[in-house]
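First up is the structure itself, then whatever we jot down about it.
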Amino acid sequence: MKDCSGITRGKEERDAFLVADLGVVVKKHLDFIKLMPRVKPFYAVKCNNSRVVVKLLADLGAGFDCASKPEIEFVQEIGVKPEQIIYANPCKQISQIRFAAKSGVQMMTFDNEEELVKVSQSHPNAKMVLRITTDDSKSTICLSVKFGASLNVCRHLLEMAMKLNVEVIGVSFHVGSGCNDPKAFAQSIADARSVFEMASEFGHNMRLLDIGGGFPGTDNSEIKFEEFAAVVNPALDMHFTQDSSVDIIAEPGRYYVESAFSLAVNIIAKKEVQLVHSGSDGEENGTSKNVLYYVNDGIYGSFSCILYKHAHPKLVLHKKPSPTQPIYSSSLWGPTCDSSDQIAEHLRLPELYIGDWLLFDNIGAYTVATSCSFNGFLPPPIHFAMSHQRWEDVQLLRTGIAKAGKWMAPSKPHVLD
Ligand SMILES: *Cc1c(COP(=O)(O)O)cnc(C)c1O
């Protein structure tokens with residue numbers, strides 16, 4: 001019921017919330033191992049560190065890419081074995097390298113000489129993976145400005161490693177998050193091969209290729225995962241033949257979680273302003289209604305992906321408007337007192353009311369993991385669900401993993417039809 005002010009009565013408790021369909025994560029995993037059969041996924045924990053997601057992926061037999069001591073502690077506490085973890089941060093604090101050594105995590109990345117010196121003094125059993133730069137010009141988030149060694153310094157680094165008695169076992173790269181050019185993988189795989197050759201000259205026993213992350217997270221992305229697989233698989237077969245006894249891993253983050261999460265926010269406040277339009281002569285020639293809607297989650301919460309330029313979530317109206325309803329220029333704002341806490345502008349929307357729900361899909365990557373409680377607004381709770389069909393897939397996979405001797409204790413999430 002609406003009264004004359006348009007306020008919906010009796011429904012004050014309308015906190016924002018997230019729904020995670022874990023079935024999507026299961027489906028993504030099945031697709032990954034089917035479409036890139038030679039590549040073992042090591043999920044990048046930083047992308048979405050929801051415990052339930054990490055536990056599910058551990059149960060499905062995935063490995064993990066951790067970038068810090070707390071991330072390593074977190075996955076180990078869930079039961080992940082050290083061999084299933086790559087400490088994929090090329091620039092680590094010495095105390096955290098020591099922690100990795102103590103907790104049995106051996107695979108770590110590096111891209112500079114200082115790191116080799118630190119590792120030689122703090123982690124005698126480290127198995128180092130040389131991270132190389134990539135052409136990330138076609139990616140949403142470029143990582144090569146911060147990480148990676150260019151091919152012309154690799155020789156020196158590999159020689160240094162030999163001198164320092166640090167074991168190098170492989171090469172890694174990351175084409176950049178939200179990659180729009182599968183060819184970047186082909187080039188980087190070829191580059192990795194040339195680094196393998198160099199390393200072998202110095203006597204390193206090279207046996208790991210890590211093709212990183214960057215794969216698309218939604219089905220409506222410009223380029224589908226299938227198209228990445230169609231470039232990656234032949235490149236692997238060409239440069240790292242099936243019989244080459246090189247283990248191949250990847251570090252997908254966004255791919256697993258982006259489309260699994262949806263968000264519901266509620267309109268908590270509303271303001272109408274009249275915009276004055278002026279003609280070419282500078283004279284006022286009319287006004288139009290512009291509506292500001294304030295909702296109970298914003299860029300310091302689940303929309304933090306906007307802040308980091310990772311994504312612009314698309315609004316879906318809970319109630320479909322009728323075609324006869326007038327449309328107004330509208331903007332959406334988060335609940336904090338910061339004026340940069342804006343979710344969207346220049347939206348063409350019918351009139352909405354306080355208490356109305358707005359929905360956003362594809363909100364699982366770099367959202368809940370990067371949110372904070374600025375201004376006292378807590379990140380929304382997440383409700384996890386999975387269909388019976390997917391739950392059966394999980395049981396089948398687990399049985400398979402159990403036979404292979406890598407089973408981990410199950411945790412049953414809430415099951416929905
Ligand atoms: C962030 C990151 C990933 C995950 O990237 P996505 O684009 O989310 O797949 C993988 N590896 C490393 C080293 C990263 O920093």
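The values are calculated or read from the model by the stated rules, or taken from the named source; none is laboratory data. Just so we're clear, the structure is a prediction, and the values are computed from it rather than from any experiment. Counting neighbours? That spans all protein chains shown, and the Cβs are built from the backbone with ideal geometry, glycine included.
Just to verify a result, which residue in the range 350-403, among those that are more than 19 Å from Asp297 (Cβ to Cβ) and outside any helix (DSSP H, G or I), is farthest from the ligand (Cβ to nearest atom)?
Within the range 350-403, the match that is farthest from the ligand (Cβ to nearest atom) is Glu351.
Specify which of the listed residues (Val117, Val26, Val19, Val52) is out of contact with any Lys or Arg (no Cβ under 7 Å at 6 or more places or on another chain), closer than 19 Å to Arg254 by Cα and assigned to a helix (DSSP H, G or I).
Val52
Checking Ala184 against (1) within 13 Å of the ligand (Cβ to nearest atom); (2) not in a helix (DSSP H, G or I): exactly one of these is not met. Which one?
Answer for Ala184: the failing condition is (2).
Of the residues Lys163, Lys146, only one is within 30 Å of Lys102 (Cβ to Cβ), surrounded by fewer than 16 Cβ atoms within 10 Å (Cβ to Cβ) and either at pLDDT below 95 or within 16 Å of the ligand (Cβ to nearest atom) (or both); which?
Residue meeting the stated conditions: Lys146.
When you go through Ile354, Ile363 one by one, which is the residue that is in contact with a Ser or Thr (Cβ under 7 Å, 6 or more places away or on another chain) and within 27 Å of Glu272 (Cα to Cα)? First the steps, then the outcome.
Values: Ile363 fails: within 27 Å of Glu272 (Cα to Cα).
Being in contact with a Ser or Thr (Cβ under 7 Å, 6 or more places away or on another chain) and within 27 Å of Glu272 (Cα to Cα) holds for just one of Ile354, Ile363, which is Ile354.
Exactly one of these conditions fails for Glu283: (1) within 16 Å of the ligand (Cβ to nearest atom); (2) at pLDDT below 95; (3) not small (Gly, Ala, Ser). Give me its number.
So the condition that Glu283 fails would be (1).
Do we find that Ala264 is in contact (Cβ under 8 Å) with a residue 24 or more places away in the chain and touching a helix residue (DSSP H, G or I) at 6+ places or on another chain (Cβ under 9 Å) in this structure?
No; evaluated as a whole, the condition is false for this residue.
Can you report the number of residues in the range 201-218 which are surrounded by fewer than 21 Cβ atoms within 10 Å (Cβ to Cβ), at pLDDT 95 or above and within 16 Å of the ligand (Cβ to nearest atom)?
The total comes to 1.
Restricting attention to the range 219-243, which residues are more than 20 Å from the chain's Cα centre (by Cα), part of a helix (DSSP H, G or I) and loosely packed, with under 15 Cβ neighbours inside 10 Å?
Ala230, Pro234, Asp237, Met238, Gln242, Asp243 - these are the residues of the range 219-243 that are more than 20 Å from the chain's Cα centre (by Cα), part of a helix (DSSP H, G or I) and loosely packed, with under 15 Cβ neighbours inside 10 Å.
So is Val129 within 15 Å of the ligand (Cβ to nearest atom) and touching a strand residue (DSSP E or B) at 6+ places or on another chain (Cβ under 9 Å) or not?
It is true that Val129 is within 15 Å of the ligand (Cβ to nearest atom) and touching a strand residue (DSSP E or B) at 6+ places or on another chain (Cβ under 9 Å).
May I ask you to list the residues in the range 95-109 that are part of a helix (DSSP H, G or I) and surrounded by 20 or more Cβ atoms within 10 Å (Cβ to Cβ)?
Scanning the range 95-109 gives Ile97, Phe99, Ala100.
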